[in-house]
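Read the structure below first, then the notes.
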Amino acid sequence: MEIPVIDMEKFGLREGSDNLIKLSECLDQAFTKTGCARLINHGITTQQIQNVYAGSSLFFNLPDELKNRCRFVGEDSTVGYIGLGTERYGEKQDLHEGYLIRTAEDLPGKDLPGKDLVPGWRMATESLHTSLKILSSVILDALSLAIGKERDYLASLHRSEGDKKSFKVLRMAHYPPTNPDAAQTSIRFDEHCDFNTFTLLLQDNMGGLQGRDKDGNWFDLTPEPDSIILMAAQFIQFYSNEKYKALRHRVIIPEEEAKCRHSRYSIIYFVTADGHIPAWPTTATHLPQPPPNVHDHLMSVLVNSVNPTPPAS
Ligand SMILES: O=C(O)CCC(=O)C(=O)O
Ligand SMILES: [Fe+2]
C-alpha cells in the first residue's frame, strides 16, 4: 500500500487560500483512499524532534519508583506518566508506557508531574508541541474546506486553551525491548482507532507501526526520517459524514530480532475538539442522538482501555 505523501512546503504553511484549497484536495484524496498521509517538509526541525527523543530516553529509563510518582491519575489530570500494562486494547498484553504532556498555555497555574526529573525535556516538548499546534491549525483549515465548510469551521470547534479536561495532548511513548517469543501473547500497541479528530505521529526508525486498509489487510507505516504520519481519527470520520474513516492501526513486535530487542520511541499529538462540542453532528443519521459531548465520549471510550488499577510496581 502506497501511503500518500504530502509535501507541506508546496503549500506554504500560512499562505493564501489557493494553496489551502490545493492542500484540502490532497488531504481529501489521502483520507478517502487510505485514512492517512505522510507529511514531509512540515517545518519541524530534526533538532526539535531529537531533543524530545533524548529526554524521552532519559525519562523512561528512570527507575519505576520515580516514574510512578509522575503517574497519570485520571479525568481531571490528563497529564503525566502511564505505566506499562495500564492500557489494553485487545486480547494481547500491550507493551508500552507513556507520558502525556500539555503546553504551559494549556496548564494555567499548574505544571507537569516530575517535570524537573529530566532537565531540558519540558522545554523540548514545549517547542515541538507549539510547532505541531501550528501545523495542525493549517490541517484543520484545509480539512474544513475538504468537508465543504468555511475555512474556520473546524478551528472554531478546537479552540479551548486551558481547559483542564482537554485531551489535546502530546504523548511521548516508549516500547521497551522485548524478545521474539513475546509476540505470541503480547503486542506493542494493539489495534484501535484514535478517538480525537486527527493524529500527528512521529516515530524513530524501529518500525512496527501498521495501518489497516478497507479490505482489512495490514500495511506498514514505515519510518522515514523526520516525516510525520497524519491519521484520520473518529471526530473527522463523524464530521465528514463517514466520507473519511478513522484509520485502524497498531504497533507490532518486529520480527527482526535486533529491532525487537531494542526500545522504540514515538511522539503522538492528538488533535482533539473542545470538550463541550458534540462528538458527532446532530445531523448524523447513523449515530445515536443526541450525541454526547467530546469529553464524555472520550471518557467512555477510555474507561474500556485504561485499566483503573494498574499493577503495583
Ligand atoms: O506509538 C505509535 O506509533 C502508535 C501509538 C498510538 O497509536 C496511540 O498512542 O494512539
Ligand atoms: Fe493510536
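Residue-by-condition table, conditions (1) modelled with pLDDT under 95; (2) more than 16 Å from ligand 2 (Cβ to nearest atom); (3) farther than 30 Å from Lys259 by Cα:
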| position | (1), (2), (3) |
| --- | --- |
| Pro119 | yes, yes, no |
| Arg122 | yes, yes, no |
| Lys133 | yes, yes, yes |
| Tyr153 | no, yes, yes |
| Glu161 | yes, yes, yes |
| Val169 | yes, no, no |
| Phe198 | no, no, no |
| Lys214 | yes, yes, no |
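Does the stretch 177-199 contain any residue that is small (Gly, Ala, Ser) and touching a strand residue (DSSP E or B) at 6+ places or on another chain (Cβ under 8 Å)?
Looking for residues that are small (Gly, Ala, Ser) and touching a strand residue (DSSP E or B) at 6+ places or on another chain (Cβ under 8 Å), one finds at least one in the stretch 177-199, hence yes.
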> Can you name every residue in the stretch 179-188 that is modelled with pLDDT under 95 and crowded, with 19+ Cβ neighbours inside 10 Å?
Replying inline: Ile187
>> Taking the condition of being within 30 Å of Gly83 (Cβ to Cβ) and surrounded by 15 or more Cβ atoms within 10 Å (Cβ to Cβ), how many residues in the stretch 38-53 meet it?
In response: 6
> Among the residues of the stretch 220-250, how many are assigned to a loop (DSSP other than H, G, I, E, B), within 12 Å of ligand 1 (Cβ to nearest atom) and in contact with a helix residue (DSSP H, G or I) (Cβ under 8 Å, 6 or more places away or on another chain)?
Replying inline: 1
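Give the number of residues within the stretch 145-159 that are in contact (Cβ under 8 Å) with a residue 40 or more places away in the chain and surrounded by 15 or more Cβ atoms within 10 Å (Cβ to Cβ). If you could, list the steps in order and put the result at the bottom.
Keep residues of the stretch 145-159 that are in contact (Cβ under 8 Å) with a residue 40 or more places away in the chain, which gives 145-147, 151, 154, 157-159.
Now narrow it down to the ones that are surrounded by 15 or more Cβ atoms within 10 Å (Cβ to Cβ): 145-147, 151, 154, 157-158.
Residues meeting the conditions: 7.
Given Leu100, Leu140, Leu66, Leu84, which one is part of a helix (DSSP H, G or I), surrounded by 15 or more Cβ atoms within 10 Å (Cβ to Cβ) and in contact (Cβ under 8 Å) with a residue 24 or more places away in the chain?
On the way: Leu100 fails: part of a helix (DSSP H, G or I); Leu66 fails: surrounded by 15 or more Cβ atoms within 10 Å (Cβ to Cβ); Leu84 fails: part of a helix (DSSP H, G or I).
Among Leu100, Leu140, Leu66, Leu84, only Leu140 is part of a helix (DSSP H, G or I), surrounded by 15 or more Cβ atoms within 10 Å (Cβ to Cβ) and in contact (Cβ under 8 Å) with a residue 24 or more places away in the chain.
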> What is the one condition in (1) surrounded by 18 or more Cβ atoms within 10 Å (Cβ to Cβ); (2) in a helix (DSSP H, G or I); (3) within 13 Å of ligand 1 (Cβ to nearest atom) that His295 does not satisfy?
Replying inline: (3)
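So that you can scan it fast, the table gives a plain yes or no per residue for (1) near ligand 1 (Cβ under 9 Å from one of its atoms); (2) touching a Phe, Trp or Tyr at 6+ places or on another chain (Cβ under 6 Å); (3) within 20 Å of Lys92 (Cα to Cα):
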site: Ser156; (1), (2), (3): no, no, no
site: Thr178; (1), (2), (3): no, no, yes
site: Ala182; (1), (2), (3): no, no, yes
site: Ser186; (1), (2), (3): no, no, yes
site: Leu200; (1), (2), (3): no, yes, no
site: Lys214; (1), (2), (3): no, no, no
site: Trp218; (1), (2), (3): no, no, yes
>> Can you say whether Leu27 is in a loop (DSSP other than H, G, I, E, B), surrounded by 14 or more Cβ atoms within 10 Å (Cβ to Cβ) and aliphatic (A, V, I, L, M), as far as the supplied structure shows?
In response: no
>> Restricting to the stretch 260-282, count the residues that are in contact (Cβ under 8 Å) with a residue 40 or more places away in the chain and either of a type in the set (Ser, Thr, Tyr) or within 14 Å of ligand 1 (Cβ to nearest atom) (or both).
In response: 10
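The values are calculated or read from the model by the stated rules, or taken from the named source; none is laboratory data. None of the values given here were measured: they were computed from a predicted structure. In this analysis, Cβ positions are derived from the backbone assuming ideal geometry, glycine residues included, and neighbour counts consider all displayed protein chains.
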